[in-house]
Amino acid sequence: MDEYWRQDPEAARVCWQELWPLLTSGRLDPPISSVFPLERAWAALNHLDQRKVLGRTLLQIGA
């Protein structure tokens, strides 16, 4: 999506205008695929690079 939105910034604005209220209200709850501690950011990047992720990959700061 990043490359698409770079080519059409207006599309990104329209999407976020519709998505943001859903996210803030809790009606849209993106699934979390995995959580990695910040010290293992390299492992999170490897996880994303495999392109088998369904949902968000998060980095946890602190414990």
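Listed by position, the helices (runs of 4 or more DSSP H) enclosed by the chain that each have at least 2 residues that are modelled with pLDDT of 85 or more are 9-25, 41-49. Selection of the range 1-14 for residues being under 23 Å from residue 48 (Cα atoms) and open to solvent by less than 90 Å² (accessible area, probe 1.4 Å) yields 5, 12.
Remark: pairs (first residue in the range 16-32, over 23 Å from residue 6 (Cβ atoms) and without any contact (Cβ under 8 Å) to a residue 12 or more places away in the chain; second residue charged (D, E, K, R) and assigned to a helix (DSSP H, G or I); Cβ separation under 9 Å; 6+ apart in sequence or on different chains) are absent.
Go through (1) surrounded by 10 or more Cβ atoms within 10 Å (Cβ to Cβ); (2) touching a strand residue (DSSP E or B) at 6+ places or on another chain (Cβ under 8 Å) for residue 31 and report which single condition fails. Of everything listed in (1) surrounded by 10 or more Cβ atoms within 10 Å (Cβ to Cβ); (2) touching a strand residue (DSSP E or B) at 6+ places or on another chain (Cβ under 8 Å), residue 31 misses just condition (1).
When the range 34-61 is limited to residues that are open to solvent by less than 70 Å² (accessible area, probe 1.4 Å) and free of Cβ contacts under 8 Å to residues at least 24 places away in the same chain, the one that is nearest to residue 4 (Cα to Cα) turns out to be 53.
The values are calculated or read from the model by the stated rules, or taken from the named source; none is laboratory data. All values reported here derive from a predicted model rather than from experimental measurement. As a convention, Cβ positions derive from the backbone with ideal geometry for all residues, glycine included, and neighbour counts pool all protein chains shown. Areas reflect the complete protein model, heavy atoms only, side chains present, ligands, DNA and RNA absent. Shrake-Rupley method; radii C 1.70, N 1.55, O 1.52, S 1.80 Å.
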